[in-house]
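Single-structure report; data block below.
The values are calculated or read from the model by the stated rules, or taken from the named source; none is laboratory data. None of the values given here were measured: they were computed from a predicted structure. Here the Cβ is made from the backbone with ideal geometry for all residues, glycine too, and neighbour counts use every protein chain on show. Just so you know, the surface numbers come from the protein's heavy atoms only, side chains and all, with ligands and any DNA or RNA stripped out. Shrake-Rupley method; radii C 1.70, N 1.55, O 1.52, S 1.80 Å.
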Amino acid sequence: MHADDETVRRILTTGDTWAVVGLSANRRRAAYGVAEVLQRHGKRVVPVHPRAEEVHGEPGYATLAEIPFRVDVVDVFVKSDLAGAVADEAAATGARAVWFQLGVIDEAACARTRAAGLDMVMDRCPAIEYGRPEFGDLRG
C-alpha cells in the first residue's frame, strides 16, 4: 500500500507549506493546476524547478536546499527515476512529508523516506484526494 487514508488526511490537514518540485509557469502541466488547488485549500505553494520561476505569486527556487524556510510537504512531479533523490533531499532539509504524484513510483525511496520518520504518499494526487467523498470535510 502506498499510503493509508489517515496519512493522506494528516498531510492534507497539517501541511501548510508545500514545495512543488517540477512546478513551472507552464499552465499546461499538471503541477500548475494541482498547485492552484493546493492554494485554494490555504496552502502556501513554493515552486521548485531548475528555472526558478515565479508561479502563482510565489518566488521559485532551483532546488529544495535553496528554500530559506522550512517546508512541510514536498510534492514531487518528476519522473520516477529522479524522485528518490528528491525524497532524500526532502528528508535532509527537514520536510515532514513527501508526496509522489500519480505515476511517480519508487518503492525504495518510499521505504527510505518512511524510515527517516517522514509521512510518505506515493502514486496519488492531492487535488484528487480533496475531492474524494471520504474527505468531504476537506473540500474547502
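Quick notes
Per-residue answers, yes or no, for (1) of a type in the set (A, V, I, L, M); (2) closer than 17 Å to V104 by Cα; (3) out of contact with any strand residue (DSSP E or B) (no Cβ under 6 Å at 6 or more places or on another chain); (4) at pLDDT 95 or above:
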{"position": "K43", "(1), (2), (3), (4)": "no, no, no, yes"}
{"position": "V46", "(1), (2), (3), (4)": "yes, no, no, yes"}
{"position": "T63", "(1), (2), (3), (4)": "no, no, yes, yes"}
{"position": "V76", "(1), (2), (3), (4)": "yes, yes, no, yes"}
{"position": "L82", "(1), (2), (3), (4)": "yes, yes, yes, yes"}
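- Within the stretch 34-58, residues that are buried (at least 20 other Cβ atoms within 10 Å of the Cβ) reach partners that are among the polar types (S, T, N, Q) with beta carbons closer than 6 Å, at six or more positions or on different chains, in the pairs V45/Q39; H49/S24.
- Selection status of A3, free of Cβ contacts under 8 Å to residues at least 24 places away in the same chain and open to solvent by less than 50 Å² (accessible area, probe 1.4 Å): no
- Qualifying residue in the stretch 111-129 (condition: out of contact with any strand residue (DSSP E or B) (no Cβ under 6 Å at 6 or more places or on another chain), within 20 Å of L23 (Cα to Cα), small (G, A, S) and not in a helix (DSSP H, G or I)): no
- Positions within the stretch 39-60 being under 10 Å from the mean Cα position of the chain (by Cα) and more than 18 Å from V78 (Cα to Cα), in sequence order: none
- When the criteria are applied in full, E107 fails the requirement of being modelled with pLDDT of 95 or more, open to solvent by 50 Å² or more (accessible area, probe 1.4 Å), farther than 16 Å from L12 by Cβ and in contact with a helix residue (DSSP H, G or I) (Cβ under 6 Å, 6 or more places away or on another chain).
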